[in-house]
Amino acid sequence: MFRILVVIYISLISMPSSAWWGKEHEIIAKVAEKNLTQQTAKKINSLLEGDRLSDIANWADTIKSQSKWSHSKRWHYVNIEKGESIEDYEVSVGGDILWALDYFYWQISDSSKSVSQRREALMFFVHLVADIHQPLHVGFSGDAGGNKKPVIWESQNRLVNLHKIWDGLLTSPNLTSHQYAKKINNSLTKDKHLWLKLSFKDWADESLKLHQFVYDFKQQNNAKKPLYLGAEYKNKNRPVAEKRMLQAGARLAYFLNLAFE
Ligand SMILES: [Zn+2]
């Protein structure tokens, strides 16, 4: 029994970062769909052969396990050393999420590229804009972006890790992705011009700065592992996760509108 538990434990904490789960990716893409211009929506529809952004938003996660695409795993995140700022960032060997966002964004509207290449670039870009807004995708290598930080998630009484909590356990299970996108898109406020045009690096910096909430475990900060987190952590951080999904969706639309204008 003990051995089984150890195996489960090790496989849980060593899982690679997977990013927002499918539902969260769908929500972000649906927010973006609501903010596309007609012209952009039409061009995307043709490039994706009738699919919508929300249909392909999770594709980049589904291919990671294929050996052909194993090199793409590192494009979903960037690691910053503890105590360093985004200004110290240097592109990692083999690329990282900041490198990949640049690389794919410019291909989307490059008419010298083939249609299939532009489609693939769009599918990566849609996914990665969402990923970089998940605070732990700009993570510390020490705990592999929270993947190596075991947590007992109290409401479900199960062992997870900090990364998984931010991937999908903070959002409400009671809303469909459609209802969620509508709800958070309605909260789009007039101050959006302050954050809409920021750069990919600024988005990463925001994620890094959100670690003050992500790693705030109250009295458990120095306690033994694993951590116990529950309603208090969820209530405090759900609005943070929802704001990140809104920003990701609105910014995705803004950048796509520019690319297809
Ligand atoms: Zn991902």
Expressed as an acute angle from 0 to 90° and rounded to the nearest 10, what is the orientation of the C-alpha long axis of helix 115-133 relative to the principal long axis of the chain?
-> 40 degrees
So the pair-distance distribution of the range 37-123, from every Cα-Cα distance in 10 Å bins, comes to percents of 15, 40, 30, 13, 2
Working from the alpha-carbon coordinates of the chain, get Rg over Rh, Rh being the Kirkwood radius.
-> 0.97
For the range 2-260, averaging the sequence separation of alpha carbon pairs under 8 Å that lie six or more residues apart and dividing by its residue count, the contact order in percent is 30 percent
Using only the alpha-carbon atoms of the range 216-261, report the extent along each of the three principal axes, biggest first, to the nearest angstrom.
-> 53, 17, 12
Relative contact order, percent, of the range 34-186 when contacts are C-alpha pairs under 8 Å separated by at least 6 residues?
-> 20 percent
Measuring from the longest principal axis of the C-alpha atoms of the chain, the long axis of helix 177-186 (C-alpha) lies at a number of degrees, nearest 10, equal to 80 degrees
Rounded to the nearest 500 deg cm²/dmol, what is the calculated helix-only ellipticity per residue at 222 nm for the chain, with -39500 (n - 2.57) per DSSP H run of length n ≥ 4?
-> -15500 deg cm²/dmol
Select from the range 20-104 those GluC sites (Glu not before Pro) which occupy a DSSP coil region and have at most 12 other Cβ atoms within 10 Å, ordered by residue number.
-> 49, 81, 84, 90
Karplus (6.51, -1.76, 1.60) ³J(HN,Hα), θ = phi - 60°, over the range 38-48, in Hz, Gly and Pro reported as x = 4, 4, 5, 4, 5, 5, 5, 4, 6, 5, 8
Residue (of 107, 160, 139) at the positive-pole extreme of the range 101-173, dipole from beta-carbon charges = 160
Taking Cα atoms only, helix 200-209 is inclined relative to the longest principal axis of the chain by an angle, in degrees rounded to 10, of 20 degrees
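At a threshold of 8 angstrom on Cα-Cα distance, excluding pairs fewer than six apart, so keeping six or more, what relative contact order does the range 159-261 reach in percent?
Numbers: 25 pairs, mean separation 52.6, N = 103.
Reported as a whole number, the value is 51 percent.
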Using a 10 Å cut-off on Cβ atoms, rank the peptides 134-142, 104-112, 62-70 from the highest mean neighbour count down.
-> 134-142, 104-112, 62-70
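Where a number appears in this text, it was derived from the coordinates with a stated rule and is not lab data. The model shown is predicted, which means the values in this text are computed figures rather than measured ones. Backbone-built Cβ (ideal geometry, glycine too); neighbour counts: all protein chains shown.
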